[in-house]
Structure formats: C-alpha cells, structure tokens
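Structure, as structure tokens:
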Amino acid sequence: MIRSGIGIRTAQQNSERLTGQIHVYDGEGKGKSQVALGVVLRSIGLGIHHFMEMESRVLLLRFLKGPGRTYDEDAAIEALQRGFPHLIDQVRTGRAEFFGPQDITRFDKQEAQRGWDVAKGAIASGLYSVVVLDEINPVLDLGLLPLDEVVRSLQRKPEHLEIIATGRGAPQPLLEIADLHSEMKPQQHGEAGIDGIEIYTGDGKGKSTSALGKALQAIGRGISQDKSHRVLVMQWLKGGNGYTEDAAIAALRKSYPNLVDHQRCGRDAIVWRGQQQEIDYVEAERGWETARTAIASGLYKTIILDELNPTVDLELLPEEPIVQALLRKPKDTEVIITGRCKKPPAYFALASAHSEVFCHKHYAEKGIDLKRGVDF
C-alpha cells in the first residue's frame, strides 16, 4: 500500500526572514516551556557560530514561578546560564504555590505587574533578540494583567525581536496577534507508561525543540548534583546539513563537550513512501544500532531519538526491537522520541508522557521566510 510520505526538509532550502515573530505555545500537554528553552538555545548557538553580526541576548521572564519551588526547567536554565553566562538574563515573579481564580491575592497582582514592567522595559530597549514570557498565558487568563495593554505592547515590539509566550489558556486576543500558535495536547494510551519515556508528535512546531529543552534539563541536573549527566542526540532522516537543531546542538557541545554526543543518519534528501532506497534502510538500521546500544548501556541520562517516528512510519525500521529496547531501558535513563507519523507505532503505549503538537497558525503559511537562530 502506497501512502503519502513524511519528509524532513533542510533549513538550507529556505531563505531567511529578518523580522521577529510572536510565538504562542499553549495547551494541556507537556513541552511548552521546553520549546521556549530550545528556541533560546538555538538562538544563542547561531550567535556563537557567527551566523549573526552579534551574539543573541535572551531574557527569560517567568511568571507564576517565584523562588521557593522547584520547576522542571530550573535545571535547564542553570545549564544555559553556566554555559552562556553573559547571554541569559532571568527574572522570576509570583508565589511558590499553585492557585486558582478564587485564590488571587493583592500580592499575585503586584508580582504579575512587576514581571510585566520588566517585560515592557526589555521589549522597548532593543537589547534582546528573544524575550520569553513563560506562563504569561495563564496570567492573562486569570486577569492578573490588563490584556489590551499586553496585546498593544507586543504589537509595538522592535522589528527584530522574537517574542515567545507559553502556558495554558492563551486568551483569544493574544492568539489573534500571534504569528505562530502551537497547541500541546496530551495523548492517553490507557495503562500507565514507563517513567522516563516521552513522545512528541504532530504537525505543529516544537517537537525536536522541546526535546532539546530536555537535554538542557539533563545537563543542568548533572551540574546541580555534581554528576555527569551525558546526553545523546540521535537523528534519523537528517544526513545533510542545515537542519533546525544544528546550531542548538553545536552550542551545547561547545559549552559541554564531554556531556553531549550527536549522531545522525540518512540521506540529505526527503524519503517518500514507495520511493525508499536501499541506503535508507541501511542508514536507519545504522542509527538504530547506535541508539539501541546507548539505551542498554546506561551511560546516558537522556537519549533523544529525533525523527524516529517517521522512520518507523516509512517502514525503514521494525517496531518490535524498539519496544523491547524501551522495555529494558535502565530506570534512570530518559528517552525522548520525536516526529510526526500517520500510524501510531506500538511503542507509543509505553510512554509516560505523550504530547501531540497541533499547528493552528504558522507564519510560513503566509509566505514569511524562516529566521536563523529561531527556526534554524
């Protein structure tokens, strides 16, 4: 049976945009803040490797995440700040516990306003290439900030500036001015999965980028615990150059050369169903042998299997060996699997977290070019 294929295009096939866009990542699924951190890493990587005239400077403004509570991305941000101390500014606001609409206090409103005052100053300054407004969506949804003022300020941002807004419950006026809107939806598979297996699928932007956020988390945990948390990034269907993650991975390896290994396999071409070549099967198997050995070894704390899903969907690899390898993985090894697919493979049932990324809006659909440091 011949079906339409799933291709992975290189970023080199696109010209480059210069104008910054407004990104919104929302939804109930996991991966929103991780995507933001992946974009940050990519932006820094391009600056370091001289694709841009100046190094990228980034502001991470975190609403509803005051000191006194540990969050998933804390370790990732520590890794960023240690690796690139002069490029990452972080501001945290809010209290250290969760609260609902009926629990809002004067302090909550004051903290939200403090954060927004910092954001407005940063946006107006022109000093930053990326401003991340982490969890601003629920802040607006709770009514802690005047929505119309936030929307007007974002619309007046400097032309070059990239704005990334994350969190559940993005209000409609924000979505209307967004150039990109990806929604993370959690997928359930019945029984509880195996801890440490996460899957990111769907047509929306953010799957591989979210996985890079997990790599940062692993490195950061190693730093805080004084242990070597090694990371392997194994990529399928990406045998050429110019892919969206290249600069981010290069930045990681530059700052943490002994902690990050990167392998890729495949041709520098799109593989279509019904047009697979013998080399596609050979390359896919070569990549899997590396991944299988890495999973079994226990040497890596985080293993990213980037674009494994479309590789299986194209029938370049069988499902059962992957299922068996994941069933036998060491308890403290995290495996992150990415990529779109038409038919969910059997190993999806093993995931403890599965987010499907839906693309509601993307600036590329309006003919806007991609941008180095953000899209590739």
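The values are calculated or read from the model by the stated rules, or taken from the named source; none is laboratory data. This is a predicted model, so every value here is computed, not measured. Glycine gets a Cβ as well: all are built from the backbone with ideal geometry, and neighbour counts include every protein chain shown. For the accessible areas, the whole protein counts, side chains as well, though only heavy atoms, and no ligand, DNA or RNA atoms are used. Shrake-Rupley method; radii C 1.70, N 1.55, O 1.52, S 1.80 Å.
Among all residue pairs at least 6 apart or on different chains, which show Cβ distances below 6 Å where the first residue, located in region 165-181, is under 16 Å from residue 144 (Cα atoms) and the second is open to solvent by 30 Å² or more (accessible area, probe 1.4 Å) and not charged (D, E, K, R)?
171/147; 173/147
Looking only at residues that are out of contact with any helix residue (DSSP H, G or I) (no Cβ under 6 Å at 6 or more places or on another chain) and among the polar types (S, T, N, Q) in region 163-200, which one is most open to solvent (accessible area, probe 1.4 Å)?
188
Residues that are touching a residue at least 40 places away in the same chain (Cβ under 8 Å) and surrounded by 22 or more Cβ atoms within 10 Å (Cβ to Cβ): find the helices (runs of 4 or more DSSP H) completely inside region 220-338 holding 3 or more of those.
Details: elements: 246-255, 278-297, 308-313, 320-327.
Hits in region 220-338: 246-255, 278-297, 308-313.
Scanning region 71-103 for residues that are in a strand (DSSP E or B) and of a type in the set (A, V, I, L, M, F, W, C), which turns out nearest to residue 134 (Cα to Cα)? Let's see the steps before the verdict.
Keep residues of region 71-103 that are in a strand (DSSP E or B), which gives 88-92.
Cutting the leftovers down to of a type in the set (A, V, I, L, M, F, W, C) gives us 88, 91.
Numbers: 88: 14, 91: 10 Å.
Going through the qualifying residues, I end up with 91.
Test each condition in (1) touching a residue at least 60 places away in the same chain (Cβ under 8 Å); (2) open to solvent by less than 20 Å² (accessible area, probe 1.4 Å); (3) in contact with a strand residue (DSSP E or B) (Cβ under 8 Å, 6 or more places away or on another chain) for residue 209 and report the one that comes out false.
Evaluating residue 209 over (1) touching a residue at least 60 places away in the same chain (Cβ under 8 Å); (2) open to solvent by less than 20 Å² (accessible area, probe 1.4 Å); (3) in contact with a strand residue (DSSP E or B) (Cβ under 8 Å, 6 or more places away or on another chain) leaves (3) as the failure.
Here are some conditions: (1) open to solvent by 50 Å² or more (accessible area, probe 1.4 Å); (2) touching a residue at least 24 places away in the same chain (Cβ under 8 Å). Residue 142 meets all but one. Which one does it not meet?
It fails just one condition, (1).
Looking only at residues in region 164-185 that are among the hydrophobic types (A, V, I, L, M, F, W, C) and in a strand (DSSP E or B), which one is nearest to residue 353 (Cα to Cα)?
The qualifying residue nearest to residue 353 (Cα to Cα) is 184.
Can you pull out the residues in region 198-252 that are in contact with a Cys (Cβ under 9 Å, 6 or more places away or on another chain) and among the charged types (D, E, K, R)?
Matches in region 198-252: 203, 205, 238.
Quick one: would you say residue 59 is without any contact (Cβ under 8 Å) to a residue 40 or more places away in the chain and surrounded by 14 or more Cβ atoms within 10 Å (Cβ to Cβ)?
Numbers: without any contact (Cβ under 8 Å) to a residue 40 or more places away in the chain: no; surrounded by 14 or more Cβ atoms within 10 Å (Cβ to Cβ): yes.
The answer is no for residue 59.
Can you find a residue that is among the hydrophobic types (A, V, I, L, M, F, W, C), at pLDDT 90 or above and in contact with a Ser or Thr (Cβ under 7 Å, 6 or more places away or on another chain) anywhere in region 260-272?
Within region 260-272, none of the residues are among the hydrophobic types (A, V, I, L, M, F, W, C), at pLDDT 90 or above and in contact with a Ser or Thr (Cβ under 7 Å, 6 or more places away or on another chain).
Of (1) touching a helix residue (DSSP H, G or I) at 6+ places or on another chain (Cβ under 7 Å); (2) at pLDDT 90 or above; (3) not β-branched (Val, Ile, Thr), residue 332 satisfies all except one. Which?
(1)
Mind listing whichever residues of region 129-139 are within 26 Å of residue 30 (Cβ to Cβ) and open to solvent by less than 30 Å² (accessible area, probe 1.4 Å)? So that I can check it myself, show each step before the final result.
Here is the first cut: in region 129-139, the residues within 26 Å of residue 30 (Cβ to Cβ) are 130-139.
Scanning region 129-139 gives 130, 131, 132, 133, 134, 136, 137, 138, 139.
Would you check if residue 227 is of a type in the set (D, E, K, R), modelled with pLDDT under 95, over 22 Å from residue 322 (Cα atoms) and in contact with a Ser or Thr (Cβ under 8 Å, 6 or more places away or on another chain)?
Values: of a type in the set (D, E, K, R): yes; modelled with pLDDT under 95: yes; over 22 Å from residue 322 (Cα atoms): yes; in contact with a Ser or Thr (Cβ under 8 Å, 6 or more places away or on another chain): no.
Taking the combined requirement at face value, the residue does not satisfy it.
Out of the residues in region 92-108 that are surrounded by 15 or more Cβ atoms within 10 Å (Cβ to Cβ) and either touching a residue at least 60 places away in the same chain (Cβ under 8 Å) or of a type outside the set (Ser, Thr, Tyr) (or both), which is nearest to residue 159 (Cα to Cα)? Lay out the reasoning, then the answer.
Within region 92-108, the subset surrounded by 15 or more Cβ atoms within 10 Å (Cβ to Cβ) is 92-95, 108.
So of that shortlist, the ones also either touching a residue at least 60 places away in the same chain (Cβ under 8 Å) or of a type outside the set (Ser, Thr, Tyr) (or both) come out as 92, 94-95, 108.
Working: 92: 26, 94: 30, 95: 33, 108: 31 Å.
The selected residue is 92.
Can you name the residue in region 17-42 that is basic (Lys, Arg) and under 17 Å from residue 336 (Cβ atoms) and, of all such residues, is surrounded by the fewest Cβ atoms within 10 Å (Cβ to Cβ)? Give the steps one after another, and end with the answer.
Of region 17-42, the ones basic (Lys, Arg) are 17, 30, 32, 42.
Next cut, under 17 Å from residue 336 (Cβ atoms) only: 30, 32, 42.
On the way: 30: 19, 32: 29, 42: 27.
The selected residue is 30.
Given (1) outside any loop (DSSP other than H, G, I, E, B); (2) in contact (Cβ under 8 Å) with a residue 12 or more places away in the chain; (3) loosely packed, with under 15 Cβ neighbours inside 10 Å, where does residue 203 come up short, assuming only one miss?
Only one criterion is unmet by residue 203, namely (1).
Residue check, residue 69 against (1) of a type in the set (D, E, K, R); (2) touching an Asp or Glu at 6+ places or on another chain (Cβ under 8 Å); (3) modelled with pLDDT of 90 or more, all met but one. Which one?
(3)
Going by what's in this entry, would residue 153 be described as within 25 Å of residue 89 (Cβ to Cβ), open to solvent by 10 Å² or more (accessible area, probe 1.4 Å) and either under 14 Å from the mean Cα position of the chain (by Cα) or at pLDDT below 90 (or both)? Don't jump to the end; show me each part of the working.
Numbers: within 25 Å of residue 89 (Cβ to Cβ): yes; open to solvent by 10 Å² or more (accessible area, probe 1.4 Å): yes; either under 14 Å from the mean Cα position of the chain (by Cα) or at pLDDT below 90 (or both): no.
Answer is no for this residue.
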